[in-house]
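What follows is one structure encoded as structure tokens, with my remarks underneath.
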Amino acid sequence: MEIHIETDRLRIRALTENDLDGMFALDSDPEVHKYLGNKPITHTDEALKYIKDVRKQYAERGIGRWAVELKETGEFIGWVGLRLYTDYTFNDHTNFYDIGYRLRPKFWGKGYATEASKACLKYAWNVLKLDKVYGITEMGNEGSHKVLLKIGLVYLEDFYYEPENLMLRWYSISKPE
Ligand SMILES: CC(C)(COP(=O)(O)OP(=O)(O)OC[C@H]1O[C@@H](n2cnc3c(N)ncnc32)[C@H](O)[C@@H]1OP(=O)(O)O)[C@@H](O)C(=O)NCCC(=O)NCCS
């Protein structure tokens, strides 16, 4: 069954190849990549590869990041959602679910990341029946830090991520009683 979640202002749905233009606009923007290792993409092929990889995750892991659009206009504003990490190790964890989001700058500062990721956490508890969700930000990414705290994650510690030579922050939230 394809995912379809509605919040007050947003529609959350599966990412598809029809989102290619929106995904390219998102990931080619240097402002968006400031705290993502500073490597914006330069070709639509890279956006297509990302979409295909996410869709493979839907099929193989039952979860992956989702597209977010404005209910009012249907505009694609970015992505949000859970990822099951099985292929990378962060802070000594390899099999874990993380919550993330990435929006186009013209949609920042309106509470959209908070609204969308709250809905994703509900899905984590009620549909996936998870006990714990983690969050990761790069040090200095105050916007993302605030979103995680606003949706209830607890900041635990900083750690060094050797593959990207970055200092990252580590957060978690447990299923509410
Ligand atoms: C991080 C990001 C998703 C935040 O999205 P957003 O929709 O603007 O966030 P919200 O509007 O829900 O903001 C939540 C809180 O963070 C604050 N905030 C947002 N951006 C901020 C910034 N750059 N600096 C300080 N605070 C910020 C908001 O003021 C709000 O706090 P408030 O309710 O007390 O006013 C967005 O900036 C983004 O896509 N950045 C690029 C990609 C990225 O870094 N993703 C996260 C990787 S870990």
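The values are calculated or read from the model by the stated rules, or taken from the named source; none is laboratory data. Here the structure is a predicted model, which means the values were calculated and not measured. Glycine also receives a Cβ, built like all others from the backbone with ideal geometry; neighbour counts cover every protein chain displayed.
Arg102 satisfies every condition listed in (1) crowded, with 17+ Cβ neighbours inside 10 Å; (2) at pLDDT below 95 except (2). Of all the residues in the stretch 78-92, those that are not in a loop (DSSP other than H, G, I, E, B) and not aliphatic (A, V, I, L, M) number 6.
Provide a single number: the residues in the stretch 93-115 that are more than 14 Å from the ligand (Cβ to nearest atom) and free of Cβ contacts under 8 Å to residues at least 12 places away in the same chain.
Step one: filter the stretch 93-115 for residues more than 14 Å from the ligand (Cβ to nearest atom), giving 93-97.
Among the residues that remain, those that are also free of Cβ contacts under 8 Å to residues at least 12 places away in the same chain are: 94-95.
Number of matching residues: 2.
Scanning the stretch 76-90 for residues that are more than 14 Å from the ligand (Cβ to nearest atom) and surrounded by 13 or more Cβ atoms within 10 Å (Cβ to Cβ) yields Leu84, Thr89. When you look at Tyr101, is it hydroxyl-bearing (Ser, Thr, Tyr) and under 13 Å from the mean Cα position of the chain (by Cα), yes or no? In short, yes.
For the stretch 48-67, the condition holds for at least one residue, the condition being that it is surrounded by 12 or more Cβ atoms within 10 Å (Cβ to Cβ), hydroxyl-bearing (Ser, Thr, Tyr) and more than 11 Å from the ligand (Cβ to nearest atom).
No other residue among Lys146, Lys118 is within 9 Å of the ligand (Cβ to nearest atom), basic (Lys, Arg) and in a helix (DSSP H, G or I) apart from Lys146.
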